[in-house]
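Notes follow once the structure below has been shown.
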Amino acid sequence: MMFRRFLPAAALMMLPAMAMAADPQAATPATQGTPTTTASLAHTPHDPAPDEVEAHIKALHDELGITKKQEALWTPFAQDMMDNAQRLHDAIEARRDKLPKMNAVENMQSYADLVAERAHDMQTLNTAFAPLYDSFSKKQRKHADTLFVQGDSEHAEKQQERAAAAQGATAAPAAQ
């Protein structure tokens, strides 16, 4: 189902701590080749491509069965998802540009600022989603509840896979 593939993108837009992936550019010479249980500490959230965001929004619209009556409530929610994705993209690009010159304290502060911005975006998105959810039929609500739980579970699995892959990537140079 296409929706499940893109649901983690919704979770990213909706939950500030989701979609954390190690930034391979952030590894320092001191940590390269040294296997650790924490992998790289310089994390940056996943930045979905604009076409992924648009596809996700369309899939979510279709999966939730948004009716013509609900379109007026859907539109601000969809616009918030697009705006949040653009803000995230801009923030990630700015962070990546500065990351090589940051010390550990600046890195942590940069990440904290990014997470705080994501939390604020989550609040605005939730504000737009609540009236839409209130307009749902019982069937739509049940389906939405199930989809969001599935998305969280699928995201957790993918996050574990990315962490294992990142761990493998840092351990590989040590084996040479």
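Just a few scattered comments:
- Identity of the residue in segment 119-153, assigned to a helix (DSSP H, G or I) and in contact with a Gly (Cβ under 9 Å, 6 or more places away or on another chain), that ends up surrounded by the fewest Cβ atoms within 10 Å (Cβ to Cβ): Lys139
- Within segment 111-129, not a single residue is without any contact (Cβ under 8 Å) to a residue 12 or more places away in the chain and farther than 23 Å from Pro48 by Cα.
- Among the residues of segment 51-65, those that are touching a residue at least 40 places away in the same chain (Cβ under 8 Å) and either under 19 Å from Arg141 (Cβ atoms) or open to solvent by 60 Å² or more (accessible area, probe 1.4 Å) (or both) comprise Glu52, Ala59, Leu60, Asp62, Glu63, Leu64, Gly65.
The values are calculated or read from the model by the stated rules, or taken from the named source; none is laboratory data. No experiment lies behind these values; they were computed from the predicted model shown. Every residue, glycine as well, gets a Cβ built from its backbone with ideal geometry; the counts of neighbours run over all protein chains shown. What goes into the accessible areas is simple: the full protein's heavy atoms, side chains included, and nothing from ligands, DNA or RNA. Shrake-Rupley method; radii C 1.70, N 1.55, O 1.52, S 1.80 Å.
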